[in-house]
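To start, the structure itself, in structure tokens.
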Amino acid sequence: MAKKPTIPFIHPLHVEYPSFQHHNPLDKFTQDHSMIVWSCGNYHLYSLQGYAVQDWREIVTYFSYPIKARDYSRWPDKPEGWRSVTEAYSEELMNLACKLLEVLSEAMDLEKEALARACVDMDQKVVVNFYPKCPQPDLALGLKRHTDPGTITVLHQDQVGGLQATRDGGNTWITVQPVEGAFVVNLGDHGHYLSNGRFKNADHQAVVNSNYSRLSIATFQNPAPEAIVYPLKMSKDLELARLKKLAKEKQLQEEELKQETNVKPKSFEEIFA
Ligand SMILES: O=C(O)CCC(=O)C(=O)O
Ligand SMILES: [Fe+2]
């Protein structure tokens, strides 16, 4: 394995939300791909075999709920009005997330409040992602493949696009096309466990491109640290229906596999007949 490179340059992250100041980190380096670690904000890229892909993004995170735990000294005071807009946004998103959890609770045949209650005093964390233009997007990812750890994530993305999701373990990816005025809602690992696997945690990543920088704002709704994580009980009927569906899917898969293995390979004569 090649020698681990040192990071040649990490420039400070300028927190002047909403417009991040970004300087092209590549100005600083030569472009020897065998050796160089590319630095971007406080994140860096690599193009070395054997090293994990790092994210081509800059982030600002703030912890918005519970309100009593807010540390305003860590919130930017510029531009003017930022704080009140952010407070209002956080509150609206908390309300929206609670509504979404109500709908999901009802879909599980539970009381409306069941999922939110399982989070105890729900935490909220807002992460502003800025993905600068990337000169070689094929060597980079804005954000590596992951599932969000929390209960539910509400994502606002601009019109550039770059969010992708997979249902087959990363073999194929679909782009989640931006829709003006719409949020993307992802279920996280906690939501997945609460529903006993009925609602899937979204497996996703963000790609970058060489023409446009991109901005997204992810609002993570998480259980309180003291919340105990366990699958909520669904009604017997629903659970039975779920198990039947799983058994049916398994049976279909097995039949398909049997059919595939039963197909005899064509003879040379048949192919060229
Ligand atoms: O920027 C995006 O589209 C995805 C962001 C995301 O997945 C995250 O912040 O966890
Ligand atoms: Fe995510």
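What follows draws every value from the coordinates through simple rules; no lab data is involved. Keep in mind the model is a prediction, meaning the values are calculated, not measured. As a convention, Cβ positions derive from the backbone with ideal geometry for all residues, glycine included, and neighbour counts pool all protein chains shown.
For LEU141, the residues whose amide H sits under 5 Å from its own are TRP56, ignoring neighbours fewer than 5 places away on the same chain, with H placed 1.01 Å from N. Taking amide hydrogens as placed 1.01 Å from N in the peptide plane, the amide H of ILE152 sits under 5 Å from those of GLY188, GLN221, each at least 5 positions away in sequence or on another chain. Relative contact order of segment 115-273: 34 percent, from C-alpha pairs under 8 Å at least 6 residues apart in sequence. Rounded, prolate or oblate: which fits segment 135-273 when a ≥ b ≥ c are the square roots of the eigenvalues of the alpha-carbon gyration tensor, with rounded for a/c under 1.5 and prolate only if a/b beats b/c? It is oblate, given that a/c is not under 1.5 and a/b is not larger than b/c.
Remind me, relative contact order of segment 180-231 in percent, using alpha carbon pairs under 8 angstrom and six or more residues apart? Intermediate values should be presented prior to the final figure.
Numbers: 28 pairs, mean separation 20.9, N = 52.
For segment 180-231, the relative contact order is 40 percent.
Rounded to whole numbers, the Karplus 3J(HN,Hα) couplings from phi for segment 244-253 are 4, 4, 4, 5, 5, 4, 4, 4, 4, 4 Hz, using 6.51 cos²θ - 1.76 cosθ + 1.60 with θ = phi - 60°, and x at Gly and Pro. The count of lysine pairs in segment 86-229 with alpha-carbon distances below 30 Å, taking only pairs 8 or more places apart or on different chains, stands at 11.
Phi-derived couplings, Karplus 6.51 cos²θ - 1.76 cosθ + 1.60 at θ = phi - 60°, listed residue by residue for segment 87-103: 4, 5, 4, 4, 5, 4, 5, 4, 5, 4, 4, 5, 5, 4, 5, 5, 4 Hz, with x used for Gly and Pro. Mean separation of Cα pairs under 8 Å and 6 or more residues apart, divided by the residue count, gives segment 137-209 a relative contact order of 48 percent.
Amide H to amide H, which residues 5 or more places from GLN124 or on other chains are under 5 Å from it, using H placed in the peptide plane? Here the answer is SER64, TYR65, ASN222, since their amide H atoms fall under 5 Å of that of GLN124.
What is the dipole size for segment 58-110, taken about its Cα centre, with +1 at each Lys and Arg Cβ and -1 at each Asp and Glu Cβ, in debye to the nearest 20?
Working: 6 positive and 10 negative charges, 55 e Å.
Roughly 260 debye for segment 58-110.
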